[in-house]
Amino acid sequence: MKKNTVVINADIGKGVINKNIYGHFAEHLGRGIYEGIWVGEDSPIPNTNGIRNDVLEALKNLKIPVLRWPGGCFADEYHWKDGIGPREDRKRMVNTHWGGVVENNHFGTHEFMMLCEMLDTEPYICGNVGSGTVQEMSEWVEYMTFDGESPMANWRKENGRDKPWDLKYFGVGNENWGCGGNMRPEYYADLYRQYQTYVRNYGDNRIYKIAGGANVDDYNWTEVLMKNASWLMDGLSLHYYTIPGDFWEGKGSATDFPESEWFITLQRALHMDTLITKHSTIMDKYDPEKRIGMIIDEWGTWFDPEPGTNPGFLYQQNTIRDALVAGIHFNIFHEHADRVQMTNIAQTVNVLQAMILTEGEKMLLTPTYHVFEMFKVHHDATLLSVDGNFDTYEFDGQSLPQTSVSASKDENDVVHISLCNLDHQNGANIDVDLRGIDLEAAEITGKLLTANEMNAHNTFEQPENVKPVTFNDVKAKGHSLSVALPPMSVVVLAVK
Ligand code: AHR
């Protein structure tokens with residue numbers, strides 16, 4: 001087994017891991033909302049006010065801190081007034097971006113806010129800049145948050161909601177360099193300044209305004225936005241997907257892939273660290289106090305759609321490889337907790353790197369779900385300093401660090417250590433020098449997610465193929481922990 005050494009200082013806090021790093025994204029795309037979350041009150045699938053119960057319960061267990069909606073690309077084609085009032089009267093339109101299917105608008109503002117209340121999660125709404133007006137955006141905020149007499153507040157009351165909702169996070173457009181209008185950064189920066197002016201704070205409601213940010217390594221976009229509008233924003237977004245192949249020529253299969261694609265997928269997941277560092281450096285120039293959050297509101301794996309499914313629905317399976325991608329991302333996000341205030345995986349149910357897949361009344365939890373569940377101990381915990389000397393994971397003349405490690409301390413002084421072994425063939429020994437803790441007196445427990453095959457995944461026939469089990473391969477010696485990780489594994493230890 002290869003050898004990795006890590007020093008963790010339980011006494012040295014490096015700030016707080018914002019729980020919003022564990023945020024989600026649900027778009028009107030494929031079976032993400034319709035079927036995946038919303039089945040309607042008359043469905044034979046058991047539901048509460050139209051939201052399917054099985055998915056609701058599974059998501060509650062994740063303690064999702066924030067949920068982004070309605071898109072994505074859909075956001076810049078969405079006209080919110082189509083999605084309020086009696087459902088039978090709502091406009092039926094074409095979802096032009098995603099599959100050309102009918103969008104009946106049955107899941108609108110009231111349904112989304114109800115879902116957030118049921119999940120006890122903060123709503124993050126993305127407004128329409130690409131094909132919407134300033135007035136439309138401004139009225140949406142008035143509709144949702146104004147407590148008093150006004151045309152929009154009165155309309156909300158007529159539609160059954162007396163009190164306004166709390167709305168903290170609001171995005172001013174999505175991917176405005178692409179599906180959100182194909183704009184140049186200079187043009188979008190001006191539009192951002194204009195649109196955000198009319199995103200008002202009514203009463204006590206304070207909106208955290210998020211400007212549409214860069215695609216991958218478009219550093220010029222970040223530079224132009226920061227230079228021209230930084231003082232008017234609270235957050236700036238960044239989108240980066242992990243794609244083993246080529247976006248247009250073929251991304252690669254979610255389940256049927258060679259070793260080389262395992263390696264390249266993890267290599268590309270690790271690239272997130274470089275992107276955050278470089279975009280942060282630009283943000284630091286205009287915002288050295290780090291007031292503005294980097295909001296990575298779309299990330300995750302993007303593979304070819306499952307054979308036989310509508311290619312516009314972006315439905316893909318989810319394997320132990322996806323679990324590693326999630327674990328690696330979280331460990332990276334933690335290290336950048338001073339700048340990264342929120343991230344939103346794409347997407348929650350039935351789309352891209354989903355937590356949950358559904359088929360009719362059946363539901364399964366993916367390996368990615370289990371990583372979110374195992375890592376929730378890091379929510380709002382104090383990030384600890386971790387210094388690592390990692391062995392290499394080599395493939396075809398290239399190498400990556402074999403392991404990825406992060407640690408935090410919660411409000412009860414319990415230390416949690418998340419460890420990933422990227423290597424698909426070799427186990428990893430990690431010696432953890434855990435300073436500031438009396439290990440003789442400590443209780444150490446752990447959870448492990450692993451598999452024997454690179455493409456191990458859960459199916460509707462075998463929904464528990466990949467699931468967490470108790471992890472025992474950890475021994476305390478003096479002030480060190482000796483941990484033996486199996487190949488392709490994610491482990492979270494609790495030391496209390
Ligand atoms: O998540 C799928 C799509 O990816 C989103 O709609 C868009 O913002 C991005 O290109």
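The values are calculated or read from the model by the stated rules, or taken from the named source; none is laboratory data. Since the model is a prediction, treat every value here as computed from it, not as a measurement. A quick note on method: Cβ atoms are made from the backbone with ideal geometry, for glycine too, and the neighbour counts reach across all protein chains shown. When the accessible area is computed, the model is the full protein with side chains, heavy atoms only, and any ligands, DNA or RNA have been set aside. Shrake-Rupley method; radii C 1.70, N 1.55, O 1.52, S 1.80 Å.
Listing for the model above:
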| quantity | calculated |
| --- | --- |
| Considering only the range 108-262, percent of DSSP beta bridges that pair antiparallel, nearest 5 | 10 |
| Distance violations [Cα-Cα > 30 Å] among Lys63/Lys227; Lys157/Lys209; Lys168/Lys285; Lys290/Lys447 | Lys63/Lys227; Lys290/Lys447 |
| Stretch gain in nm, segment Val94-Ser482, where the contour uses 0.36 nm per residue and the Cα spacing is subtracted | 134.0 nm |
| Where GluC sites (Glu not before Pro) fall in DSSP loop in the range 356-414, at most 12 other Cβ within 10 Å | Glu361, Glu411 |
| Stretch gain in nm, segment Lys475-Asn412, where the contour uses 0.36 nm per residue and the Cα spacing is subtracted | 20.4 nm |
| Size of electric dipole in the range 452-496: Cβ of Lys, Arg +1 and of Asp, Glu -1, about Cα centre, debye, nearest 20 | 400 |
| Largest-first principal axis extents of the Cα set of the chain (Å) | 68, 52, 46 |
| Antiparallel content of DSSP bridges confined to the range 19-379, in %, to 5 | 25 |
| Of all DSSP beta bridges in the range 228-359, antiparallel share, percent nearest 5 | 10 |
| Efficiency of FRET from Cβ geometry, Thr281 and Lys14, R₀ 25 Å, rounded to 0.05 | 0.85 |
| Sites matching GluC sites (Glu not before Pro) across the range 286-337 that sit in DSSP coil, with at most 14 neighbouring C-beta atoms within 10 Å | Glu289 |
| In Å², nearest 10: area of Thr319 left accessible to a 1.4 Å probe | 0 |
| Gln462/Asp431 FRET efficiency (R0 41 Å; Cβ-Cβ; nearest 0.05) | 0.70 |
| Lys/Arg +1, Asp/Glu -1 at C-beta; the range 19-379 dipole; positive extreme among Ala189, Gly312, Phe146 | Phe146 |
| Mean residue ellipticity (222 nm) of the chain, computed from DSSP H runs ≥ 4 via -39,500 (n - 2.57), nearest 500 | -7500 deg cm²/dmol |
| Where labels lie 7 Å past Cα in the beta-carbon direction, separation of Lys3 and Thr392 in nm | 1.7 |
| Those trypsin sites (Lys or Arg not before Pro) in the range 1-105 that DSSP places in a loop and that have at most 14 other beta carbons within 10 Å | Lys91, Arg92 |
| Inter-label distance for Asn104 and Lys362, nm, one decimal - labels placed 7 Å from Cα along Cα-to-Cβ | 2.5 |
| Within the range 298-404: Cβ-based charge dipole about Cα centre, in debye rounded to nearest 20 (Lys, Arg +1; Asp, Glu -1) | 220 |
| Partnerless Cys - the chain, beta-carbon criterion under 4.7 Å | Cys116, Cys126, Cys420 |
| Debye, to nearest 20: dipole size of the range 9-69, +1 on Lys, Arg Cβ, -1 on Asp, Glu Cβ | 320 |
| Lys/Arg +1, Asp/Glu -1 at C-beta; the chain dipole; positive extreme among Pro86, Trp221, Phe390 | Trp221 |
| Net length gained if the chain between Trp231 and Lys168 were fully extended (0.36 nm per residue, minus Cα distance) | 20.9 nm |
| Nitroxide proxy distance, nm - points 7 Å out along Cα→Cβ at His79 and Thr133 | 1.0 |
| Rounded percent of accessible protein surface that carbon and sulfur make up, the range 19-379, 1.4 Å probe | 48 |
| Computed E for Glu186/Thr445 - FRET, C-beta separation, R0 41 angstrom, nearest 0.05 | 0.15 |
